[in-house]
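Please treat every number below as a calculation from the coordinates, not as lab data. Everything numeric here is computed off the predicted structure, so don't read it as measured data. Backbone-built Cβ (ideal geometry, glycine too); neighbour counts: all protein chains shown.
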């Protein structure tokens, strides 16, 4: 039995170290991507909006790493500067739905009553429609644009967080230490911020990290359909849309922003998966 226990402990330590190494690796990639986004203007070798028709449709080369588009604009520079629009709007969207959804879920779960029933029926209504289709309808009403695309997606994406926060709050609010906190004179706000939120932040954080890739693709999808960023604004989805008719003749115009979306989504998805593994209680016992 002792030998089996020692083997189990060793396996847990190996697994723990492997998860930590993965977390460090993917976190480093995510930080590098964010730094490239922040300093995109300084990293651009050319003006991403400067047109030079004499250089139009040039294939990838040493002078233009990702080639040029129909107006002679450097694709590498446009992909870099487009990251500021795509990634910043994605983070803004995820922050909005995380904060709002968690707030609504905690309030509903802690207080219950008619407000809880009304909000949950509203969330059921939002979840009853295909998300992207609903967002497209809202974006059409709002006349497109990146900000309106973020608003449209936020209107249909918050229920996930409200349900997670509500279920976690319901499981916590009747625990003995919550009652002890109330008997000690803590107000409802103090109980929520001192005890409820710290205990539900784990699942919410993991969900938001896993949602970054999904929201990025949905924003790019709306832009691709003409309901998000509008030309000449550099945004990965709109860049793919403007070059889709030339996919067979000048594929780099579509593949360059497409590759940027693919790499970004993979990095954030793998980071989210690793954070979920790291925060898994089965692994936390070995830390």
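Shape class of the stretch 1-158 from the Cα gyration tensor (axes a ≥ b ≥ c, square roots of the eigenvalues): oblate, since a/c reaches 1.5 or more and a/b does not exceed b/c.
For the chain, modelled as a Gaussian network with Cα springs under 10 Å, which listed residue fluctuates most, 147, 190, 84? Of the options given, 190 has the highest mean-square fluctuation. So which residue, out of 61, 89, 77, gets the largest mean-square fluctuation from a GNM of the chain using Cα contacts under 10 Å as springs? For the chain, modelled as a Gaussian network with Cα springs under 10 Å, the answer is 61. Taken along the Cα-to-beta-carbon direction at a fixed 7 Å, the label points for residue 27 and residue 147 span 3.5 nm. Kindly express, to the nearest 10 degrees and within the range 0 to 90, the angle between helix 131-141's C-alpha long axis and the longest C-alpha principal axis of the chain. Its long axis makes an angle of about 60 degrees. Rounded, prolate or oblate for the stretch 2-284? Axes are the square roots of the Cα gyration tensor eigenvalues, ordered a ≥ b ≥ c, and the cut-off for rounded is a/c under 1.5. Oblate, since a/c reaches 1.5 and b/c is not below a/b. Between residue 249 and residue 47, the contour length at 0.36 nm per residue exceeds the alpha carbon distance by 70.2 nm. List residues of the stretch 89-123, by number, whose backbone nitrogen lies under 20 Å from a label position 7 Å along Cα→C-beta of residue 199. Backbone N within reach: 102-113. Only helices enter the 222 nm calculation for the chain: every DSSP H run of n ≥ 4 contributes -39,500 (n - 2.57), and dividing by all residues gives -25000 deg cm²/dmol, rounded to 500.
Using only Cα atoms, tell me the angle between helix 197-224 and the longest principal axis of the chain; keep it within 0 to 90° and round to the nearest 10. Tilt of helix 197-224: around 20 degrees.
Considering only alpha-carbon pairs that sit under 8 angstrom and 6 or more positions apart, the relative contact order computed for the chain is 24 percent. Under a 10 Å cutoff between Cα atoms, tell me which one of 259, 62, 40 has the largest fluctuation in the Gaussian network model of the chain. Comparing 259, 62, 40 in a Gaussian network model of the chain, the most mobile one is 62.
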